[in-house]
1. If you check residue 163 against the conditions, is it aliphatic (A, V, I, L, M) and touching a Phe, Trp or Tyr at 6+ places or on another chain (Cβ under 9 Å)?
2. Among (1) at positive phi; (2) assigned to a strand (DSSP E or B); (3) not β-branched (Val, Ile, Thr), which single condition is residue 157 missing?
3. Considering only the range 61-76, I want to know if a residue exists there that is under 17 Å from residue 95 (Cα atoms), part of a strand (DSSP E or B) and modelled with pLDDT of 85 or more.
4. When both residues are 6+ apart or on different chains and their Cβ atoms are under 7 Å apart, which pairs have a first residue that lies in the range 144-157 and is at pLDDT 90 or above, and a second that is assigned to a loop (DSSP other than H, G, I, E, B)?
5. Restricting attention to the range 38-84, and to residues there that are touching a residue at least 60 places away in the same chain (Cβ under 8 Å) and surrounded by 15 or more Cβ atoms within 10 Å (Cβ to Cβ), which single residue is nearest to the chain's Cα centre (by Cα)?
6. Can you pull out the residues in the range 100-137 that are of a type outside the set (A, V, I, L, M), touching a helix residue (DSSP H, G or I) at 6+ places or on another chain (Cβ under 9 Å) and closer than 18 Å to residue 174 by Cβ?
7. When you go through 104, 100, 90 one by one, which is the residue that is surrounded by 15 or more Cβ atoms within 10 Å (Cβ to Cβ) and either part of a loop (DSSP other than H, G, I, E, B) or among the polar types (S, T, N, Q) (or both)?
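The values are calculated or read from the model by the stated rules, or taken from the named source; none is laboratory data. Every value quoted in this text rests on a predicted model; they were computed, and no experiment measured them. We place every Cβ from the backbone using ideal geometry, glycine too, and count neighbours over all the protein chains shown.
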Amino acid sequence: MPERDHKPDSPAARPASAEGLATAARVAARRGPPPVHLWNPPFCGDLDMRITRDGTWYYLGSPIGRKPLVTLFSSILKREGEDFFLVTPAEKVGITVEDAPFLAVDFTASGTGRDQRLTFTTHVGDSVEAGPDHPLRFVHDPRSNAPAPYVLVRAPGGGALEALIDRKSFYRLVELGTEHQGHFGVWSGGAFFAMMPLDELARLTADPDAD
């Protein structure tokens, strides 16, 4: 686990600028997707960059409005434990991620029942089919008192990078939901992903005036 409070003691170790990281990412991308899981450069400190829950990237307190630049930065994103970094072959800088680093903004569905396939698209252009290699998970969100849905987008070298599934897509998932072994959930890629136990679903959907 890298020391996030490390204080660089030489000019060469100071955190890179966003411009410098973008240049290095462009160079790396010329040979295909950057192999961030193979890069282990020295930690150079934290960068004033964060990803909010709605998928917006901020640098020095201002949103990054250029989508190609956000996509470029997302290509050199790496996770170690609970910490997130932008990495190049020479540098690694820490950034802040409020929830998941990606946002799934849409999905397509094909097939039915156990043969159903759900393919998700993220706001930075990733496309993944939910299944054993890209599982869905649902956790309780106290802010909405409903499940918060996620899909695994990338998992190079164990550094799992997930996308939070946006609200409109979650409602569509609920419409596709079915019962299986005491749970309500969805099928995709031959796997069943439980949203919640059936008894909890019954409680949430109960008519409050029934009594």
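1. Details: aliphatic (A, V, I, L, M): yes; touching a Phe, Trp or Tyr at 6+ places or on another chain (Cβ under 9 Å): yes.
So residue 163 passes the test.
2. (2)
3. Residues of the range 61-76 that are under 17 Å from residue 95 (Cα atoms), as a first pass: 61-64, 69-76.
With the extra rule that they be part of a strand (DSSP E or B), the set shrinks to 62-63.
Within this subset, residues satisfying the condition of being modelled with pLDDT of 85 or more are 62-63.
Within the range 61-76, one or more residues are under 17 Å from residue 95 (Cα atoms), part of a strand (DSSP E or B) and modelled with pLDDT of 85 or more.
4. Close Cβ pairs (under 7 Å, with a partner that is assigned to a loop (DSSP other than H, G, I, E, B)) amount to 150/100; 151/130; 152/135; 152/160; 153/126.
5. Once the filter is applied, the top-ranked residue is 55.
6. Taking the range 100-137 first, the residues of a type outside the set (A, V, I, L, M) are 101-102, 106-108, 110-117, 119-123, 125-127, 129, 131-135, 137.
Narrowing the set further to residues that are touching a helix residue (DSSP H, G or I) at 6+ places or on another chain (Cβ under 9 Å) leaves 101-102, 106-107, 120, 122-123, 125-126.
Within the range 100-137, 106, 107, 120 qualify.
7. On the way: 104 fails: either part of a loop (DSSP other than H, G, I, E, B) or among the polar types (S, T, N, Q) (or both); 90 fails: surrounded by 15 or more Cβ atoms within 10 Å (Cβ to Cβ).
The conditions single out 100.
Residue-wise test of (1) touching a Ser or Thr at 6+ places or on another chain (Cβ under 6 Å); (2) closer than 23 Å to residue 54 by Cα; (3) not hydroxyl-bearing (Ser, Thr, Tyr).
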site	(1), (2), (3)
122	no, yes, no
130	yes, yes, yes
157	no, no, yes
166	no, yes, yes
171	no, yes, no
174	no, yes, yes
181	no, no, yes
198	no, no, yes
201	no, no, yes
